[in-house]
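Let me begin by presenting the structure, written as structure tokens, before commenting on it.
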Amino acid sequence: MSQTYDLREQIEQLKALTGDGTELVTVTVPNGKSLGSIRERIAQEYASAENIKSDQTRDHVQQALKRVQRILRRYESTPENGLVVYAGVVGGELISAAFDDLPTPVAESTYRCDDHFDLSPLNEAVTPNETFGLIVIERGGAAIGRLVGERIIPIRTFESQVMGKSRAGGQSAQRFERDRERQVHEFFQQVGDIATDAFTGDEGTVTGLVVGGTLGTAKRFVADGYLDHRLRNRLLGTYSVEYATMQGLDQLVKKADEQLLDAEQREGREQLDEFYSRLRDGEPVAYGIEEVEQATKFGAVESVLIASTVPRDQQQELETAIEQQGGDGYVILSDTERGSQFVNAFSGVGALLRFPVK
């Protein structure tokens, strides 16, 4: 299972915790920040906590700060990507967590004492830093969306006013073609303007852009200069896509997956596609936690697919058992359309089997 998936699970666990008052401590240390200065700050906060009027709150805050001090003493220097420490009393129990191998650097030094932990440093670490623009265009309409991680965010779908190829009676062929070309131009211009607003606006310019649709239409839209120059310079490819709908955006991502998804994301998609293919063709699969666990006992699991909504303890048990058999595990993010369907249909657990299990 991926580091990012583990981190998401830990974020969810910490998010569920609340203190009785402003008793939960968050400390973040960026690389380059002296641990000595942080230790001094925590010592000062411990001394200041003596002034807290509530006996319970004072005791809980000082317990948390002692735990933070103990954690900080483990490190001779600040880890490469910084350090995030949480400590506090929840339900009468002192809990703590330290993160010293985050996939992205901690941005700033902070100390916070609140009724909840500040999870923004962890959330930033699992938030994709690349987003991609998606355009599907055909003469009948267009669909525009944004890809963030594996999640497709639809922005707008709309129909065009371009006339069909059959002209009305009494209308000359030349006039009909002129009117039709004018409508095509206006439609392409509209799509280009919406794409500019969507992909270079307040959220910043997208990392890359892919265009799909009826291939001749999509290529003409690109070649005739309807894309803003900032987007044209980020164009990753043009692909044949059947529908200018949400379904078409999903199809575009599949067609352009090597450009848009990292290796881990591609593997997860491919495994889910293989699961559905085997299910359709009657080849050996298992789904649902009980069925997959049963297949695991027989050593039949080739790979397991686990949605991010599956409880942590079940995920760990399956992961351990399948790794011992030489199998692989793949995370299916449940906040995508495909992930949500997987959760609803199969409770978020499925497996590709080496042989049938009855």
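Laboratory data are not the source of any read-out in this text; all were calculated from the coordinates shown. Note that the structure is predicted; figures quoted are calculated from it, not measured. Here the Cβ positions follow ideal geometry from the backbone for every residue, glycine too, while neighbour counts run over all protein chains shown.
Compute the whole-percent fraction of alpha carbon pairs in region 3-126 spaced more than 19 Å apart.
Here the tail beyond 19 Å accounts for 44 percent of pairs.
Could you tell me how far the Cα centroid of region 59-106 sits from the Cα centroid of region 243-301, in Å?
Using only Cα atoms to place each centre, the spacing works out to 38 Å.
What percent do you get for the relative contact order of region 263-353 when only Cα pairs under 8 Å and 6+ apart count?
Result for region 263-353 is 40 percent.
Please list, by residue number, everything in region 104-128 whose backbone N is under 11 Å from a paramagnetic label point 7 Å out along Cα→Cβ of Ser48.
Those under the cut-off are 111-113.
Quick one: what are the phi-derived ³J(HN,Hα) couplings along region 284-293, Karplus 6.51/-1.76/1.60 with θ = phi - 60°, whole Hz, x for glycine and proline?
x, 9, 9, 8, x, 4, 5, 5, 5, 4
Mind giving me the FRET efficiency for Thr22 and Gln316? R0 is 30 Å, r the Cβ-Cβ distance, nearest 0.05 is fine.
For Thr22 and Gln316, the calculated efficiency is 0.35.
Shape call for region 263-353 from the C-alpha gyration tensor, a ≥ b ≥ c root eigenvalues: rounded (a/c under 1.5), prolate (a/b greater than b/c) or oblate?
Rounded shape, in that the Cα axes give a/c under 1.5.
Would you pull out the residues with amide H under 5 Å of Gly141's amide H, same chain only if 5 or more places away, H placed 1.01 Å from N?
Distant-sequence amide H within range of Gly141: Ser160.
Of the residues Ile42, Ile137, Ile153, which exhibits the maximal mean-square fluctuation in a Gaussian network model of the chain defined by a 10 Å Cα contact cut-off?
Ile42
Once Cα Rg over 2.2 N^0.38 Å is worked out from the coordinates, which option in (i) 0.93; (ii) 1.14; (iii) 1.30 does it equal?
Recomputing Cα Rg over 2.2 N^0.38 Å here gives the entry labelled (iii).
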